[in-house]
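Asks: Next up is a structure, given as structure tokens.
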Amino acid sequence: MDARLDLFTNSVAMKFIKHVNAGSLVARSAGVPIDTLELMALRVSQINGCAVCVDMHTKDAIERGETSLRLNLVVAWREATVFTEAERAALALAEEGTRLADAAPGVTDEVWANAAKHYNEEQLAALIATIASMNTWNRLNVITQQPAGDYVPGQWG
């Protein structure tokens, strides 16, 4: 499959990507475990059908020592016993924050309150930024049909 648009040679896309990346880096500096952010990124990408991001976040997580069991169970995290309560709260927030059109209330008070039990305000902002940036990346990649499978861990930073 060939991409519809080369995001890394198009001047407008590159300017936009620069800002999205900057926002993602801020989210990683708020004290949320990187493994939690990667699990969230993987789940958001699964929901949105973004093969490039699923490929990248799976490989990066493996490179950092994440287990295949946990990665395979992200898609069914509610029934899995391998995630901490804090990770489960982050995954619930990621799902509801991604599926805004699927539910009239958006993120429910229950999901927000549960996340707030595990994360301070700075960390909650980092979770939101991660959800927003992943949804942005997913849309860029899916709309332009970026091919997946060739990602090398650490390739993008």
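The values are calculated or read from the model by the stated rules, or taken from the named source; none is laboratory data. Predicted, not measured: the structure shown is a model, and the values here were computed from it. Reconstructed Cβ throughout: ideal geometry from the backbone, glycine too, with neighbour counts over all protein chains shown. Side chains included, ligands, DNA and RNA excluded: accessible areas come from the protein's heavy atoms. Shrake-Rupley method; radii C 1.70, N 1.55, O 1.52, S 1.80 Å.
Asks: What accessible area per residue comes out for the chain, rounded to a whole number of Å², with a 1.4 Å probe?
Replies: On a per-residue basis, the chain sits at 55 Å².
Asks: Could you compute how fast the stretch 100-157 diffuses translationally, taking Rh as the Kirkwood radius over C-alpha pairs and applying Stokes-Einstein at 20 °C with viscosity 1.002 mPa s? Give it in µm² per second.
Replies: 152 µm²/s
Asks: Placing +1 at every Lys and Arg Cβ and -1 at every Asp and Glu Cβ, with all other atoms neutral, what dipole size does the chain have around its Cα centre, in debye to the nearest 20?
Replies: 320 debye
Asks: May I ask you to list the aspartates and glutamates whose Cα is less than 14 Å away from that of K117, ignoring any residue fewer than eight positions away on the same chain?
Replies: Filter leaves E85, E87, D109.
Asks: Relative contact order of the chain: what whole-number percent is it, with Cα pairs under 8 angstrom and at least 6 residues apart? Mind dumping the intermediate values first?
Replies: Working: 162 pairs, mean separation 64.1, N = 157.
Dividing the mean separation by the residue count of the chain yields 41 percent.
Asks: Provide the net charge surrounding V54, with neighbours chosen by a C-beta distance below 12 Å and charges set as Lys +1, Arg +1, Asp -1, Glu -1.
Replies: Residues close to V54 contribute a combined charge of -1.
Asks: Between the stretch 55-69 and the stretch 86-130, what's the alpha-carbon centroid distance in Å?
Replies: The stretch 55-69 and the stretch 86-130 have Cα centres spaced 23 Å from each other.
Asks: Enumerate the aspartates and glutamates that K15 could reach by cross-link, defined here as Cα to Cα under 18 Å, with residues fewer than 8 away along the same chain left out.
Replies: D6
Asks: Which three extents, in whole angstrom, do the alpha-carbon atoms of the stretch 68-111 cover along their principal axes, largest first?
Replies: That gives 33, 17, 13 Å along the principal axes, largest extent first.
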